[in-house]
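Structure first, commentary second.
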Amino acid sequence: MKIIVAVDSNWGIGKNNDLLFHLKADMQHFVAHTKGKTVIMGSNTLRSFPNGMPLKGRINIVLNPDGAEADAKEKGYVLVKSLDELSEAARRHDMSEIYVIGGAMMYHTMLPYCEEAIITKVDADGEASVFFDNLDEMNNWECSYISEPVLDNGYTIRFCTYKNKAPLSF
């Protein structure tokens, strides 16, 4: 299982239930990694998408303890109401092709179980109100790859890969 996220220079990821930056190269990077795969998200992340619809071309698993089966069926996502149900649903898929895509609580909860974190680092302060755990300060995570800088919508970004030296089994 992997995490994919864009962070600002303070490891911020969002504010007002939205992304800090709208970056075409980062979005292409996200799509390249997740298209045809399974994505896991919390209910706020689903609500942040246009019309609250799941991502096309992916199996969408949404953790929402208060979610309605009718909504999941109508919109075409897998609803789970607990971490146990999430684990059960995830195990039905290739764990190496599952991406945790948000939000902050889901990232924090799932981070210990992920083998890899695909981080887009934006060289800017997005004035975030929501943050991702700083992997540079965590002993069990190490950066294994940093791309050359890319200019995207006026921002310098780098695509980074972090490896978890001791992921927990999920």
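With contacts taken as Cα pairs under 8 Å and at least 6 residues apart, the chain reaches a relative contact order of 32 percent. Restricting attention to the range 38-170, close to 60% of DSSP beta bridges with both partner residues there are antiparallel.
From helices alone, the chain scores -6000 deg cm²/dmol at 222 nm; the rule is -39500 (n - 2.57) for each run of n ≥ 4 DSSP H residues, then divide by the residue total. Simple spin-label estimate for residue 166 and residue 91 gives 2.4 nm between the two label positions (7 Å along the Cα-to-Cβ direction from each Cα). Placing dummy labels 7 Å off each Cα toward the beta-carbon, the span from residue 9 to residue 144 is 2.9 nm. About its Cα centre, the dipole of the chain is roughly 540 debye, where the only charges are +1 on Lys and Arg Cβ and -1 on Asp and Glu Cβ. Relative to its residue count, the chain spans a Cα convex hull of 109 Å³ per residue.
Just so you know, all these numbers are worked out from the coordinates, no wet-lab data involved. From a predicted model like this one, the values you see are computed outputs, not experimental measurements. Cβ sites come from the backbone with ideal geometry, for glycine too, and all protein chains shown count toward neighbours.
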